[in-house]
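Scroll down for the structure; my scribbles are underneath it.
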Amino acid sequence: MPLAGQTLHLVGRLHGLTRRRLEQLARARGCKLAARPGPRVTMVAFGHSAVAQALDDGRIRLPPALPAKATLISENVLRRLLGLLDPPPAVERNLGQAEIERLAGLSPNVVSCLVLFDVLEPVDDRFGYRDLVAAREAARLLKRGVALSDVLEAAIALRRRGSHLAEARLTEGPSGALVRDIAGQLAELSGQLTMRLERTARSLDDLLVDAEQAEHTGDLSAAESLYTTAMRADSGDPVLPFNLGNVFQAQGRVTEAKIAWQIAVARDPAFAEAWYNLAMAAEDDKQADLAIAQYRRAVQAQPDYADAHFNLALLLTRLDRCNEALPAWERVLELEPSARQTGTAQKAIALCRMRIQQERTQTG
């Protein structure tokens, strides 16, 4: 299922990935990312944040105006197509979907929904034993009256903590939220005992949509409040503190912005855009060595990050570190930069080569 030639619409968001980076990755694979659903969409990916679109009978609430033939894929399938996730483990998979439905007592719609949100991960439409165990656990919870969306949220939360629905026994806690039952004691989905899970009135995806809208319209105080609330709800997603840092920067609160971006790279050390913002802030503070180190972290995390390569090369040139600047400028040209950046790079390459030659002449 290659991405080349596809027009992709994402429902929800991808955990830990900015829209800008998603567009870059899709474009590199010959895929167009559609911001809105429409008749040209050929593939629809459901992010894990979109569990609210799952109805209790297993049907999915689809965005309007989508073609009936559009292919539906899960977040993990999309991540694998983008090269962001390893293939599923190589285990024996000898069960078809009909067998999963029969052995777990689930309808075809519910099993398909569990697949769409990566609770079950078939390979070539074949399921393994762990898929069957997870399907049976989902069936047990559904028979007890737990909403399908809550089962999906719990399974996703377990996966983010390195566990799996097949390895956990869940029950409803005093607050009504799903918690783990460990030897008769209630625990968070992380496994920490005696802690209750608070049920939030709004989904994380709703908070982010409202936060991004507030940021776009210039209501920065509302955006700050919403991103802060979202960070409390999800302590792992690096995009949340990154966006909050951008809001702080727009308000002129540079110190708080840097702290937020530092939280982002602590959550994901390969978050190139956060390293880039930190590097620019370090440049503004006249901390050249720190800026160089952070630009290098950005291009290490994202080798095709043209703006980071450009800023790194420019800073090295200004510091007269031409031996380091020259390969950085050459890399800029390899990345097909803008016309302005191309002109600057070509002039800088000539300058660096001249200075390097002068140094060799003087020392020779």
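Bear in mind that the values in this text are calculations on the coordinates, not laboratory data. Owing to the predicted nature of the structure, the values given are computational and were not obtained by experimental measurement. Note: ideal-geometry Cβ built from the backbone for every residue, glycine included; neighbour counts use all protein chains shown.
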### Query
What does the highest-first list of 42-51, 329-338 look like by mean Cβ count within 10 Å?
42-51, 329-338
### Message
Through the Karplus equation 6.51 cos²θ - 1.76 cosθ + 1.60, θ set to phi - 60°, convert the phi angles of region 87-102 into ³J(HN,Hα) values in whole Hz; use x for Gly and Pro.
### Response
x, x, x, 7, 10, 5, 10, 10, 10, x, 5, 4, 5, 4, 4, 5
#### Entry: Cα pair distances exceeding 37 angstrom across the chain, given as percent
31 percent
### Task
Report, for the chain, the % of DSSP beta bridges that are antiparallel, rounded to 5.
50 percent
### Query
What do you get when you divide the Cα radius of gyration of region 242-315 by 2.2 N^0.38 Å, with N the number of residues?
1.00
### Message
Compute the angle between helix 272-284 and the longest alpha-carbon principal axis of the chain, please, reported from 0 to 90 degrees and rounded to the nearest 10.
### Response
40 degrees
### Message
If you average 1/r across every pair of different Cα atoms in region 121-172 and take the reciprocal, what Kirkwood value do you get, in Å?
### Response
11.4 Å
#### Entry: Sequence-separation-based contact order of the chain, relative, with Cα cut under 8 Å and 6+ spacing, percent
8 percent
### Query
How big is the Rg/Rh ratio for region 258-354, C-alpha atoms only, Rh by Kirkwood, two decimals?
0.99
#### Entry: Normalised alpha carbon radius of gyration of region 35-146 [divisor 2.2 N^0.38 Å]
1.11
## Note on the structure
Kirkwood-based Rg/Rh on the Cα set of region 201-262 evaluates to 0.95
### Task
Step through the residues of region 320-336 one at a time and calculate ³J(HN,Hα) from phi using the Karplus curve (6.51 cos²θ - 1.76 cosθ + 1.60, θ = phi - 60°), rounding each to whole Hz and writing x for Gly and Pro.
6, 9, 5, 4, 8, 5, 4, x, 5, 5, 5, 5, 4, 5, 5, 8, 6
### Query
Where q = 0.24 Å⁻¹, what log10 of I(q)/I(0) comes from the Debye formula for region 7-81, counting one point per Cα?
-1.22
### Query
By average Cβ neighbour count within 10 Å, what is the ranking of 274-281, 232-239, 88-95 from highest down?
274-281, 232-239, 88-95
### Query
Near the amide H of residue 72, under 5 Å away, which other amide H atoms are found, from residues 5 or more places off or on another chain, if H is placed in the peptide plane?
44
### Query
What order do you get for 241-253, 315-327 when each peptide is scored by the mean count of other beta carbon atoms within 10 Å, highest first?
241-253, 315-327
